[in-house]
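Reviewing the structure listed below.
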Amino acid sequence: MEIKTLINEFCKTRPEAEVIIGYGSGVKKQANDKGFDKQIDLIMGVKDSTKWHQENYQENPKDYSKLGYLLLPLYKNLGTKINYLSYLPFKDNMFKIGVVQTNDLIDDLFCWDNFYLAGRCQKSVDVIKSTQLLDQAIIHNRLNALKIALLLSEKKEISKIELYELLCSLSFIGDWRKILHVENANKVKNIVNGSLEELENIYNPLNKNYYSQIDNDLISINFERILNETMTLPIPIENKLDMQTINSHHISQEELKKIREIILTYLTKVNIKASAAQPFKGLLINGVSKTKTYLMQKLEKK
């Protein structure tokens with residue numbers, strides 16, 4: 001069965017979602033896939049997450065641990081505003097669904113206040129159900145990701161592979177799973193190598209002279225062009241860049257180094273907060289058994 005058809009059939013067994021996004025290795029192929037059983041990861045944007053969980057608990061109580069459901073109103077916005085229900089069986093497959101209010105999803109894509117959802121949508125995803133505003137938010141998010149990834153390069157000339165690895169690494173900067181070596185060390189390379197053509201199709205049209213092609217693989221970064229558009233960068237990063245003290249027409253290496261440090265500091269801060277909260281929330285909402293299974297599979301994939 002085609003993955004989109006399977007996802008649509010599964011989603012009919014849960015309360016209605018306004019938007020649905022499929023992502024991760026269960027939806028998008030990654031290089032060096034070891035063939036482990038995968039969950040199919042979904043982000044489901046809903047109008048009212050409290051009401052959605054109430055309805056879903058009535059229809060699918062096994063999605064939750066009893067304690068997790070009772071405490072959900074107290075911790076649902078801890079660290080991130082998305083809450084995952086894991087290992088949900090459907091037609092010989094397992095699903096993991098992240099439930100978030102649609103307006104919070106849109107805000108994160110535009111503003112990067114949390115970055116947890118923005119980071120996922122910077123990679124290749126399948127948008128199963130969308131709205132015009134979500135489509136605009138995804139493009140805006142990816143345009144900012146392109147500019148930020150280019151600014152993080154320590155070299156003026158890099159390969160396209162290096163660019164995509166920078167792009168796909170943004171959501172892992174400061175992630176506790178990488179720090180504690182729970183996540184596969186080659187995760188970013190596997191994502192890029194498994195979806196290189198799709199990444200090209202996503203990001204090539206977004207290049208507005210931010211870089212120029214030198215040959216088939218090598219590009220030259222136009223740092224000055226990017227820094228002339230700081231007003232369009234995500235607000236938390238824009239606010240930290242004091243462009244009044246920087247001449248974007250003649251940017252120095254020292255100034256670029258300071259800019260990279262500001263960006264890395266911010267992404268580390270938001271990613272640590274989000275990635276530390278999610279396991280705690282996952283343990284509560286899904287229970288010990290499902291959480292143990294998730295961690296064991298992560299370790300096996302290393």
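The values are calculated or read from the model by the stated rules, or taken from the named source; none is laboratory data. No experiment lies behind these values; they were computed from the predicted model shown. All Cβ positions, glycine included, derive from the backbone under ideal geometry; neighbour counts span all protein chains shown. Just the protein is used for accessible areas: all its heavy atoms, side chains included, with ligands, DNA and RNA removed. Shrake-Rupley method; radii C 1.70, N 1.55, O 1.52, S 1.80 Å.
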Quiz prompt | Tilt relative to the chain, helix 160-169 - C-alpha long axis, 0 to 90 degrees, to 10 | solution = 50
Quiz item: In a Debye calculation with equal point scatterers on the alpha-carbon sites of segment 46-85 and no solvent, what is log10 I(q)/I(0) at q = 0.15, 0.18, 0.32 Å⁻¹?
Solution: -0.32, -0.46, -1.35
Quiz item: What's the percent breakdown of Cα-Cα distances in segment 142-237 across 5 Å bins, shortest bin first?
Solution: 2, 12, 23, 24, 19, 12, 6, 1
Practice problem: Would you work out the charge dipole size for the chain about its Cα centre, treating the Cβ of every Lys and Arg as +1 and the Cβ of every Asp and Glu as -1, and quote it to the nearest 20 debye? | Solution: 1020
Exercise. Name the residue, out of Ala185, Ala277, Ala17, whose mean-square fluctuation peaks in a Gaussian network model built on the chain with Cα pairs under 10 Å.
Key: Ala185
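Work out the FRET efficiency for Leu218 and His250 from their Cβ-Cβ distance, taking R0 = 25 Å, and round it to the nearest 0.05. Please list the in-between numbers first.
Details: r = 24 Å, r/R0 = 0.96.
Using R0 = 25 Å, I get an efficiency of 0.55.
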Quiz item: What nm distance separates the two modelled labels at Asp113 and Ser289, each placed 7 Å from Cα along Cα→Cβ?
Solution: 3.8
Quiz item: What length, rounded to one decimal in nm, is gained on full extension from Lys156 through to Leu74, with 0.36 nm per residue of separation minus their alpha-carbon distance?
Solution: 24.8 nm
Self-check item: Per-peptide average of other Cβ atoms within 10 Å, ordering 200-211, 140-151, 278-289 highest first
Solution: 140-151, 278-289, 200-211
Exercise. In nm, give the distance between the simple-model label positions of Gln58 and Lys258, each being 7 Å from the Cα along the Cα-to-Cβ direction.
Key: 5.8
Quiz item: If packing is taken as the mean number of other Cβ atoms within 10 Å per residue, what is the order of 76-89, 222-235, highest first?
Solution: 76-89, 222-235
Self-check item: Simple label model, 7 Å out from Cα along Cβ direction - Lys91 to Arg225, nm
Solution: 4.5
Quiz item: If you roll a 1.4 Å probe over the heavy atoms of the protein chains, what accessible area per residue do you get for the chain, in Å²?
Solution: 49
Practice problem: Using per-residue counts of other Cβ atoms within 10 Å, averaged over each peptide, order 55-62, 128-135 from highest down. | Solution: 128-135, 55-62
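Based on alpha-carbon atoms only, what is the radius of gyration of the chain relative to the globular estimate 2.2 N^0.38 Å? Mind showing how you got there, number by number?
Working: Rg = 19.7 Å, N = 302, 2.2 N^0.38 = 19.3 Å.
Against the compact-globule rule of thumb, the ratio is 1.02.
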Self-check item: Farthest positive-ward along the chain dipole, Cα basis, beta-carbon charges - from Tyr57, Thr5, Leu267
Solution: Tyr57
